[in-house]
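The values are calculated or read from the model by the stated rules, or taken from the named source; none is laboratory data. Keep in mind it's a predicted model, so treat the numbers as computed, not measured. Note that each Cβ is placed from the backbone with ideal geometry, even for glycine, and that neighbours are counted across all protein chains shown.
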Amino acid sequence: MALRRWQKFFEQATLAFAGACSGVVLYLALFPGFYYMDWIFFGFMLWGTVAAATLCEVLALWIMARWKRVKLSSLPSRSPHFIVGMLVLVSLLVGFKVPLYASFLLARPELEEAIGTYSDDLDQIGRSYYRFGIYAIRGADRGCHKKDRVYFRFRNDGEAAIIYSESGIDDLCYNSGNKGHLVGNWHWMKED
């Protein structure tokens, strides 16, 4: 029946769209800048657009059923549990900052090597290093006049940084945005 082929097409399209939105959110969650206003990505992009796509799927099937004069309830439909489960999993991963920790752990050895090699002349980091893991760094500096604090600022987001600080970041000098601890003496921040 042609209607069942269309139904399968719409279901696969909705699943692909939900997967693409989840992938974009997971990619953005690899960077500290995401966590300043992550609720926008959850509320509008992930949950909102996937819900809209699901409603479009239901509406398209309803129109097709009316056109073919078939009861929509007679069509076997897939359970939406998989899409909801995928969105919940992505939300939990991002809520616990798993992508950020994973991307940092990949960059950590190179960041520590840069601190060890260039601790006296941090300007060299911007000239000789451009990538630490997946992070594109535009430079490093000591912020807030702390000798033990090094900011690794991102090339495409100068208000976000990975910070090495032995004294913590409670007295961080920045426009209040969001900040947090990663591992050991490593922290992240995103200015407002």
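Mind listing whichever residues of segment 76-120 are part of a helix (DSSP H, G or I), assigned by TED's automatic domain parsing to the domain that holds TYR36 and of a type in the set (Lys, Arg)?
none
From the list ILE162, ILE169, ILE137, which one is at pLDDT 90 or above, of a type outside the set (S, T, N, Q) and either outside any strand (DSSP E or B) or surrounded by 14 or more Cβ atoms within 10 Å (Cβ to Cβ) (or both)?
ILE162
Mind counting the residues in segment 55-81 that are of a type in the set (Val, Ile, Thr) and modelled with pLDDT of 80 or more?
Let us first name the residues in segment 55-81 that are of a type in the set (Val, Ile, Thr), namely 58, 63, 70.
Imposing the further condition that a residue be modelled with pLDDT of 80 or more reduces the set to 63.
Looking only at that region, the number is 1.
Out of everything in segment 14-49 that is in contact (Cβ under 8 Å) with a residue 60 or more places away in the chain, over 24 Å from GLY180 (Cα atoms) and of a type in the set (A, V, I, L, M, F, W, C), what residue ends up being surrounded by the most Cβ atoms within 10 Å (Cβ to Cβ)?
Checking each candidate, the answer is ALA18.
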